[in-house]
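Student: Mind looking over this structure? Questions follow.
Every number in this text was worked out from the coordinates using simple rules, so none of it is lab data. Since the model is a prediction, treat every value here as computed from it, not as a measurement. All Cβ positions, glycine included, derive from the backbone under ideal geometry; neighbour counts span all protein chains shown.
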């Protein structure tokens, strides 16, 4: 099979792979990108292998050329990733979150050989608070992947181990950005928006583990910023007189800055 390249694939720098923040709806400055070269191995058993004899460029699946592996993960096999992170344990009032944009199909993550999180489903992001698994100095991060592809019940889209017609070559492993961030103990976990076009309103709900004061500033081109204070886990209603609607011809976005305690995030709607 001839491997085709685009101008984008030719521009990939393995020392700076997809550096942009991967979650624009909830952005923090405490961002550490973990894309790049990881150690890699394939095995037939679920035990962590004694050696990792391959190298893989994350976040490209082992089946594709950019990964540097070009090998299919088969049903009944395990794909392993390993890297070390020079990371000190954070202060007592801070937590460290590890994020995966997506891992196809079933993943288990080990921090210093301790299982930190399991996830099933190749299309959704998942995270883990790894603070309690960290030690001073280098920390070992291992990910174990299984992918049954079209031999099982898992959602797989048009992936197939025997591609042809409308089906394409099955992909596996880490295929979206991996990153970490530092957050306070009571941090902003999610933001929900509901816009009311007829009334010129936006309804917001900012979720934290424990309810806390939150300040919201909404801004946009040619408008005075709108500020509202309230509590997390409760609905905030903001009036936007003379609001700027979104259209395909004019895809306008309102920018949002949120502050709760020492946590700061930026977002949009």
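Student: Which value at 222 nm does the chain reach when only helices count, each DSSP H run of 4 or more adding -39,500 (n - 2.57), with the total divided by all residues and rounded to the nearest 500 deg cm²/dmol? Intermediate values should be presented prior to the final figure.
Tutor: Numbers: 1 runs with 4 residues, N = 269.
Computed ellipticity for the chain at 222 nm equals 0 deg cm²/dmol.
Student: Suppose R0 equals 45 Å; then what is the FRET efficiency for residue 136 and residue 4 from their Cβ-Cβ distance, rounded to the nearest 0.05? Please report the intermediate quantities before stating the final value.
Tutor: Working: r = 46 Å, r/R0 = 1.03.
After rounding, the FRET efficiency stands at 0.45.
Student: Continuing with this model, one more query. Sequence gap at least 6, Cα distance under 8 Å: using those rules, report the relative contact order of the chain to the nearest whole percent. Please report the intermediate quantities before stating the final value.
Tutor: Numbers: 599 pairs, mean separation 46.8, N = 269.
Reported as a whole number, the value is 17 percent.
Student: What's the extension gain from residue 168 to residue 120 if we count 0.36 nm per residue and subtract their Cα-Cα distance? Provide the component values of the computation, followed by the final result.
Tutor: Working: separation 48, 0.36 × 48 = 17.28 nm, distance 2.13 nm.
Working it through step by step, the gained length comes to 15.2 nm.
Student: Could you check the spin-label model distance between residue 217 and residue 55? Points 7 Å from the Cα along Cα→Cβ, value in nm.
Tutor: Result for the modelled spin labels: 4.5 nm.
Student: Say R0 is 35 Å: what FRET efficiency, to the nearest 0.05, do residue 201 and residue 21 get from their beta-carbon distance?
Tutor: Numbers: r = 29 Å, r/R0 = 0.82.
That gives a FRET efficiency of 0.75.
Student: Based on the Cβ-Cβ distance of residue 129 and residue 44, what FRET efficiency does E = 1/(1 + (r/R0)^6) give at R0 = 35 Å, to the nearest 0.05?
Tutor: Numbers: r = 32 Å, r/R0 = 0.91.
FRET efficiency, residue 129 to residue 44: 0.65.
Student: I'd like the distance between the alpha-carbon centres of region 199-229 and region 21-89, rounded to an integer number of Å.
Tutor: 37 Å
Student: Additional query: Taking a ≥ b ≥ c as the square roots of the Cα gyration tensor eigenvalues, with a/c under 1.5 meaning rounded and otherwise prolate when a/b beats b/c, else oblate, which class fits region 190-268?
Tutor: Details: a/c = 2.05, a/b = 1.79, b/c = 1.14.
Prolate, because a/c is 1.5 or more and a/b exceeds b/c.
Student: Gain in length, residue 74 to residue 268, computed as 0.36 nm per residue apart minus the alpha-carbon separation, to one decimal in nm?
Tutor: Working: separation 194, 0.36 × 194 = 69.84 nm, distance 4.05 nm.
Contour length minus the Cα-Cα distance gives 65.8 nm.
Student: Measuring from label point to label point, each 7 Å out along Cα→Cβ, what is the residue 88 to residue 14 span in nm?
Tutor: It works out to 3.2 nm between the two label points.
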